[in-house]
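I have placed the structure first, in the form of structure tokens, so that the comments after it can refer back to it.
Rule-based calculations on the coordinates, nothing more; no lab input. Everything quoted here is computed from the prediction, not taken from an experiment. Backbone-built Cβ (ideal geometry, glycine too); neighbour counts: all protein chains shown.
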Amino acid sequence: MAAKSREGCLVCQIIANSVPSKKIYEDELVLAVLDVNGANPGHCFVMPKAHYPIIEQVPDIEVGRLFQVSNKISSAIFESLGAQGTNIFVANGIPAGQTVAHFTINVIPRKENDGINLQWQPKQLSEEEMSTVELKLKEQTKNIGHFEKEEKKPSVQATKPVILSDEEEEYFSRQMRRVP
């Protein structure tokens, strides 16, 4: 069941059309808008329409849909804005830089020498510290794999090989040029 929206939530106000935005994608679960204070032109927020403050509260099915849409928007940014890369990230919680209590995914267009710095200084842990962290995380993640499942629809098996159109082949070729 989706969480109720909060009247004071800026993102919920955008979703409700109470606050103007530049919508670039919308479906029954997801809304994507341009960030008015974006890091680069085309910086987008992808958000669930239901109010969830952090990713842990978003149902698995919706998390999947949000990242599918983020992936497609990233491709659109490459194609339409000539980006050389994208950063796709989540600021999850105040210490991580989250400023509004509504889960969002950032999709930021990138070009070489654009002045955006998402680098950090690596922390060197001792072998003992690494082992302690490993054991704690293993204990907390031992039940991962029990996800909410979307209802499966019967699929038809193709008996012939799939032949791509020239347009699909060109799209695939452009995608592959981005692989490092």
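Observations on the model:
- Order by protection proxy (mean Cβ within 10 Å, highest first), peptides 79-89, 49-59, 110-120: 49-59, 79-89, 110-120
- Here segment 71-110 is scanned for amide nitrogen atoms under 14 Å from the site 7 Å beyond the Cα of Trp120 along Cα-to-Cβ, giving 89-98.
- A cut-off of 5 Å between modelled amide H atoms, ignoring neighbours fewer than 5 places along the same chain, links Tyr25 with Ala32.
- Once the mean of 1/r is taken over each pair of separate Cα atoms and inverted, segment 1-113 shows a Kirkwood hydrodynamic radius of 14.2 Å.
- Distance from segment 23-67 to segment 118-144 (C-alpha centre basis), Å: 29 Å
- Each residue in Ser75, Ser165, Ser70 was given a count of other beta-carbon atoms within 10 angstrom of its own, and listing them fewest first yields Ser165, Ser75, Ser70.
- Separation in nanometres of the label points that stand 7 Å from Cα toward Cβ, at Gln84 and Glu56: 3.9 nm
- For segment 1-130, lysine pairs with C-alpha atoms less than 19 angstrom apart, excluding pairs fewer than eight positions apart on the same chain, total 7.
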